[in-house]
1. Quick check, is B:Thr176 more than 10 Å from every other protein chain (Cβ to nearest Cβ), within 25 Å of A:Leu34 (Cα to Cα), in a helix (DSSP H, G or I) and β-branched (Val, Ile, Thr)?
2. Being modelled with pLDDT under 90 and in contact with a helix residue (DSSP H, G or I) (Cβ under 8 Å, 6 or more places away or on another chain) is the filter; apply it to segment A:222-241 and report the residue that is farthest from A:Leu133 (Cα to Cα).
3. Looking only at segment A:157-173, count every residue that is assigned to a helix (DSSP H, G or I) and more than 7 Å from chain B (Cβ to nearest Cβ) and tell me the total.
4. Pick from segment B:50-73 the residues that are in contact (Cβ under 8 Å) with a residue 40 or more places away in the chain and of a type in the set (Asp, Glu): which of them is surrounded by the fewest Cβ atoms within 10 Å (Cβ to Cβ)?
5. I'm told B:Leu58 meets every condition in (1) modelled with pLDDT under 95; (2) among the hydrophobic types (A, V, I, L, M, F, W, C); (3) assigned to a helix (DSSP H, G or I) except one. Can you identify the failing condition by its number?
6. Give the residue, chosen from B:Gly183, B:Gly161, that is small (Gly, Ala, Ser) and touching a residue at least 60 places away in the same chain (Cβ under 8 Å).
7. The conditions are (1) modelled with pLDDT of 90 or more; (2) away from chain B (no Cβ under 12 Å); (3) over 21 Å from the mean Cα position of the chain (by Cα), and A:Ser150 fails exactly one of them. Which is it?
8. Which members of segment B:212-249 meet the condition of being more than 11 Å from every other protein chain (Cβ to nearest Cβ) and surrounded by 18 or more Cβ atoms within 10 Å (Cβ to Cβ)?
Amino acid sequence: MSTKLQPGEIRGNSPRMERWLFFYIPMGFALFFLVGPFYWMLITALKPDSELYDGAKSPLYVANPSLDHFRFLFEKTEFVTWTWNTMMVATLSTAIALAMGVPAGYALARLRFRGSELIGTAIFVTYLVPSSLLFIPMVEVMAQLHLDDSIWALVVVYPTFLVPFVTWLMSGYFRTIPSELEDCARIDGMTRLGAMWRIAIPLARPGILSAGIFAFTLSWNEFIYALTLVTASAERTIPVGVLVQLTRADFYFWGPLMAGALLGSVPVAIVYSFFVDQYASGLTAGAVKG
Amino acid sequence: MSATVTPVPTRRRGLVWLIDNERSLGYLLVAPVVILMLGLVAYPFCVAVGYALTDRTLADPGVFVGLDNFIDLFDNQIYLQTLRNTVIFTAGSVAMRLVFGVGLALLLNEHFRFRRLIRSAVLLPWIVPTVLGTMAWLWMFNPNFSVLNWMLVHAGLMKDGFNWLTNPDLALFCVTLVNAWRGTPFMAITVLAGLQAIPQDLYDASAIDGANKLQRFRFVTLPLVMPVLLTALVLSIIWTFSDFGIVYGLTKGGPMNATQVLATLSFQQGLAAGNIGEGAAISLTMLPVLLILIIWQLRRIRRSTVA
């Protein structure tokens with residue numbers, strides 16, 4: 001051919017190959033690794049048992065999807081009760097965490113008082129203390145409060161890790177709101193508490209919303225306290241109920257187990273996907289600024 | 001015009017003073033949190049220390065035994081194996097999170113189609129309840145119906161597939177992998193936030209100075225992402241070191257304690273077997289490592305807010 005190659009044409013292929021090598025293929029692996037298990041969960045939940053345990057059939061797709069496992073979950077297990085319990089616990093403990101954490105976050109961000117720095121540090125430290133350090137004595141403490149074996153134990157205990165988180169997040173958020181408006185309100189005769197309640201808190205609504213959503217999902221997902229503080233089946237939350245009731249000794253109800261895992265994951269997955277950026281930036285606030 | 005001046009009281013008293021004085025309001029607002037922390041964090045912690053110094057069981061309040069529980073642990077083969085497992089589990093998982101997470105963050109930082117959708121999708125492992133996600137892996141590791149084995153066999157790579165959770169060494173690898181699976185999205189999204197905070201000018205300037213891609217990563221990207229990366233790293237180490245749900249969901253510490261970590265062992269000894277004193281002592285041995293990490297992280301935060 002007589003047409004001359006343009007300089008870009010020779011190199012034209014190489015960026016495309018590079019794109020495959022350094023982008024599409026690694027991204028494919030990442031999706032396979034990270035999302036694959038959820039595909040498997042979904043497929044299993046929809047497969048009738050005849051297909052599920054037939055080694056001759058390809059496990060990778062469903063030939064005849066059925067809702068049998070979901071029906072089993074609703075009719076033969078206490079899944080509905082667990083869902084109700086999980087919602088109750090998550091809603092109430094989130095409400096408590098916000099009621100305590102938002103004002104405390106405001107105080108740490110705005111008010112100067114002796115010991116505030118120490119209290120801030122202590123709150124941060126409790127955020128980092130894992131629950132696997134405290135679950136053994138917590139059983140005893142709940143017995144002392146006569147809250148053993150009921151979901152109320154969880155409503156009381158979850159704020160111990162939600163409140164530090166909300167306080168930390170909100171004190172960071174309040175610091176980003178200029179304080180001039182509150183100063184004006186105070187010149188107009190409002191008290192400090194009034195300025196917080198009528199000016200700062202309404203301005204911080206987006207921060208409160210995301211703190212609330214994270215607190216809600218953290219309590220929705222909690223496992224170790226839910227396992228150890230509550231043993232009656234009717235008082236369980238979804239993660240514990242699904243794990244304990246659907247895996248007995250050597251017999252696993254795989255279909256309903258995956259259906260339950262799926263249903264237990266959907267609400268938080270929907271909620272979280274919208275807010276996860278703020279969560280990450282809230283956790284690392286201070287570090288990003290460098 | 002005569003301006004009427006309402007007399008301003010020099011000192012307001014009572015309720016108004018309480019909610020209008022910077023100090024009293026400050027104490028008023030943090031008091032509920034402090035009370036909660038004292039009652040349900042500090043007090044249980046002291047109870048745990050008290051338990052750890054006795055031979056208490058579920059049936060018997062026990063007597064004071066000093067540091068015997070701790071001393072006995074270091075002669076206890078299962079405890080020593082658990083300690084070793086916990087170190088391998090934590091180091092392995094955090095290393096994987098670091099490699100996968102930073103890699104994924106760099107990928108997500110590119111421009112591509114369906115970016116929002118893909119970014120939400122890869123976050124799933126970290127979003128859903130840990131134990132429920134773990135159930136999917138338990139099913140994938142199932143001895144008879146493992147889809148992983150099915151794929152390996154049908155790809156012609158193996159004849160029979162692996163005994164994922166019954167082979168002791170492989171089981172430890174599996175719980176580590178699942179933990180990394182769960183933590184990778186957090187690492188990625190955090191590092192991504194750091195990457196996006198880097199001003200483009202710095203890349204332009206280094207390009208003008210003749211830096212190649214690798215050099216730009218080494219001398220621009222890495223140093224600027226480092227603070228975020230370290231924070232994510234510290235949190236990941238703390239969470240993995242104290243993890244309970246993934247090991248409990250997959251193996252409950254078995255086979256023969258091959259995947260036992262500190263949190264599951266303290267549960268097994270303290271609550272399942274009822275040796276409360278010993279269980280509390282086991283969980284308290286996590287404390288030194290946690291304290292070092294917490295103090296280190298606190299110092300870093302203080303430095304960054306002062307600067």
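1. Answer is yes for this residue.
2. It comes out as A:Ala234.
3. So the count comes out to 11.
4. B:Asp72
5. That leaves (3) as the condition not met.
6. Sole residue among the options that is small (Gly, Ala, Ser) and touching a residue at least 60 places away in the same chain (Cβ under 8 Å): B:Gly183.
7. (1)
8. Answer for segment B:212-249, where residues must be more than 11 Å from every other protein chain (Cβ to nearest Cβ) and surrounded by 18 or more Cβ atoms within 10 Å (Cβ to Cβ): B:Val220, B:Thr221, B:Ser236.
The values are calculated or read from the model by the stated rules, or taken from the named source; none is laboratory data. A quick note: this is a predicted structure, and the numbers were derived from the prediction, not measured. Every residue, glycine among them, receives a Cβ derived from its backbone with ideal geometry; neighbour counts consider all protein chains shown.
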